[in-house]
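Beneath this line is the structure, given in structure tokens, with notes to follow.
The values are calculated or read from the model by the stated rules, or taken from the named source; none is laboratory data. Please read these numbers as outputs of a predicted model, since none were measured by experiment. Positions of Cβ are generated from backbone atoms using ideal geometry, with glycine treated the same way; all protein chains shown enter the neighbour counts.
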Amino acid sequence: MSAVKKKGLGKGLSALFGDIEKNLKSPQTSSNKLQIADIERNKYQPRNFFDEEKLSELSKSIKENGIIQPIAVRPNKYKPGKYEIIAGERRWLAAQRAGMNEVPVIILNVDDQKSLEIAIVENIQRQDLNIIEEARGYEKLVKEFGYNHEKISKFMSKSRSHISNTLRLLSLPNDVIGLLEEGIISAGQARPLIGMANASEVAENITKRNLSSREVEALTRKKDKNKSIKIDDPNISFLKNELESRLGLSVEIINKKNNSGKVIIKYKSLDQFDIITKLLKD
């Protein structure tokens with residue numbers, strides 16, 4: 001009986017850093033110790049919240065045993081002699097609490113894009129990001145580095161629908177996003193609220209009545225049974241553009257709240273109609 005192969009998350013840190021041993025021998029990488037004061041938080045760090053209890057526990061461990069895994073940093077191109085954290089911010093914070101003046105580091109010469117990629121993968125592998133931090137990390141890849149959902153999906157080894165659905169959470173009202181960040185409601189409870197005019201009101205109802213994800217879905221289906229979603233769904237937009245590109249015709253996709261809907265292909269002549277019928281026969 002063959003062993004079951006575990007599925008890794010994304011490229012993994014070994015693939016992004018390159019093998020650690022190779023990195024240490026590479027002219028673009030060095031292992032060293034740096035003063036804590038010379039290390040700064042990376043602006044591309046997707047993580048904003050740290051569990052205080054876990055941070056205190058890590059600080060005590062570091063005080064007793066030191067830092068086992070070096071912090072990955074890169075030179076700050078705007079501040080000579082200073083460094084930005086790529087991976088290991090929690091260790092850096094805990095080391096400060098432990099009263100350390102210097103920490104072991106691996107210095108990498110990587111660009112902004114690689115720095116963000118490593119930070120996202122490291123945090124998600126450790127399950128340290130909440131769903132909104134994860135979404136904002138993906139959003140940075142899209143807006144700042146031109147990633148599409150398909151590329152993020154392959155890079156993270158997650159389904160394309162997971163990437164799209166996670167990004168869509170950022171379209172919710174700020175107060176609902178706040179509930180997600182604090183862990184008061186889950187992504188499953190929040191997704192049915194996307195595109196709802198009264199999303200904040202329903203979210204408040206979820207917390208008061210402690211509704212499950214299924215109960216929220218049932219509630220929103222009841223209210224918007226035949227109502228089309230009036231949002232710019234990037235997943236639908238991508239499919240629309242893909243169809244128009246392949247067909248050379250105008251396409252309209254109407255997606256309803258219950259995920260049913262219809263695809264309308266518009267033609268202006270019988271020749272164009274023949275193209276559609278031939279494609280359907282094929």
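Residues that are of a type in the set (A, V, I, L, M) and in contact with a helix residue (DSSP H, G or I) (Cβ under 6 Å, 6 or more places away or on another chain) were ranked within the range 56-84; the one that is nearest to Leu141 (Cα to Cα) is Ile71. When Asn148, Asn174, Asn198 are screened for being of a type in the set (S, T, N, Q) and at pLDDT 90 or above, only Asn174 passes. Scanning the range 94-101 turns up no residue that is out of contact with any helix residue (DSSP H, G or I) (no Cβ under 8 Å at 6 or more places or on another chain), of a type outside the set (D, E, K, R) and modelled with pLDDT of 90 or more.
All but one of (1) more than 16 Å from Ile132 (Cβ to Cβ); (2) modelled with pLDDT of 75 or more; (3) part of a helix (DSSP H, G or I) hold for Ile264, so report the exception by its number. Checking Ile264 against (1) more than 16 Å from Ile132 (Cβ to Cβ); (2) modelled with pLDDT of 75 or more; (3) part of a helix (DSSP H, G or I), the one that fails is (3). Considering only the range 134-148, state which residues are part of a helix (DSSP H, G or I) and free of Cβ contacts under 8 Å to residues at least 40 places away in the same chain. Scanning the range 134-148 gives Ala135, Tyr138, Glu139, Leu141, Val142, Lys143, Glu144, Phe145.
The residues listed here are Ser153, Ser164, Ser159, Ser186; of these, the one that is surrounded by 15 or more Cβ atoms within 10 Å (Cβ to Cβ), in contact with a helix residue (DSSP H, G or I) (Cβ under 9 Å, 6 or more places away or on another chain) and without any contact (Cβ under 8 Å) to a residue 12 or more places away in the chain is Ser153. When the range 189-218 is limited to residues that are part of a helix (DSSP H, G or I) and hydroxyl-bearing (Ser, Thr, Tyr), the one that is surrounded by the fewest Cβ atoms within 10 Å (Cβ to Cβ) turns out to be Thr207. Look at (1) more than 21 Å from Asp51 (Cβ to Cβ); (2) modelled with pLDDT of 85 or more; (3) in the same structural domain as Lys54 (by TED's automatic domain parsing) and you find that Gln69 fails only one, number (1). Within the range 96-113, the residues that satisfy the criterion of being surrounded by 15 or more Cβ atoms within 10 Å (Cβ to Cβ), farther than 17 Å from Lys54 by Cβ and free of Cβ contacts under 8 Å to residues at least 60 places away in the same chain are Val110, Gln113. Within the range 149-160, not a single residue is part of a helix (DSSP H, G or I), within 27 Å of Asn76 (Cβ to Cβ) and among the basic types (Lys, Arg).
Using the structure shown, decide if Leu93 is over 15 Å from the mean Cα position of the chain (by Cα), surrounded by fewer than 18 Cβ atoms within 10 Å (Cβ to Cβ) and not acidic (Asp, Glu). So Leu93 fits the description; yes.
For the range 82-133: of the residues being among the acidic types (Asp, Glu) and not in a helix (DSSP H, G or I), which is nearest to His162 (Cα to Cα)? Top of the filtered list is Asp128.
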